[in-house]
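Novice: Got a structure for you, written out below as structure tokens; questions coming shortly.
The values are calculated or read from the model by the stated rules, or taken from the named source; none is laboratory data. In this text, all values refer to a predicted model and were calculated from it rather than measured experimentally. All Cβ positions, glycine included, derive from the backbone under ideal geometry; neighbour counts span all protein chains shown.
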Amino acid sequence: MLLKGKRIIVKGAASGIGLTPMIERLAREGKIGVARLERRTPLGRIATVEDVARAAAFLLSDSSSYITGVVLSGGWRLGRLWGPGDVATA
């Protein structure tokens, strides 16, 4: 309530792991277990660049004019982002 009356709007998009060329390369190299990461996500998949872009476009649009104090995410579970076997260690 600290910002009440100051006309400050706070919005965010936190995709967690996105299916980017870097993530695809790390998966091919066996350094990231994509299937395991997908199982840890309530939506059952990793965000695409387009998913994040659409979420950001929505938050910037007039359609979200009554939304503040939120962060849209792909539903990553609270707590650890990485679990055993998600990332290969050196």
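Novice: Test each condition in (1) outside any helix (DSSP H, G or I); (2) touching a helix residue (DSSP H, G or I) at 6+ places or on another chain (Cβ under 6 Å) for A27 and report the one that comes out false.
Specialist: Failing condition for A27: (1).
Novice: Just checking, how many residues over region 44-76 are part of a loop (DSSP other than H, G, I, E, B), of a type in the set (A, V, I, L, M, F, W, C), closer than 30 Å to I8 by Cβ and without any contact (Cβ under 8 Å) to a residue 60 or more places away in the chain?
Specialist: Within region 44-76, residues that are part of a loop (DSSP other than H, G, I, E, B), of a type in the set (A, V, I, L, M, F, W, C), closer than 30 Å to I8 by Cβ and without any contact (Cβ under 8 Å) to a residue 60 or more places away in the chain number 1.
Novice: Going through region 20-61 one residue at a time, which ones are of a type in the set (A, V, I, L, M, F, W, C) and closer than 13 Å to S73 by Cβ? Please lay out each step first, then the result.
Specialist: In the first step, residues of region 20-61 are kept if they are of a type in the set (A, V, I, L, M, F, W, C); the result is 22-23, 26-27, 32, 34-35, 37, 43, 46-47, 49, 52-53, 55-60.
Across region 20-61, the qualifying residues are L43, I46, A47, V52, A55, A56, L59.
Novice: If I filter region 10-19 down to residues being of a type in the set (A, V, I, L, M) and closer than 13 Å to G74 by Cβ, which single residue comes out as surrounded by the fewest Cβ atoms within 10 Å (Cβ to Cβ)?
Specialist: A14
Novice: Could you figure out which of (1) at pLDDT below 80; (2) at positive phi isn't true of G30?
Specialist: (1)
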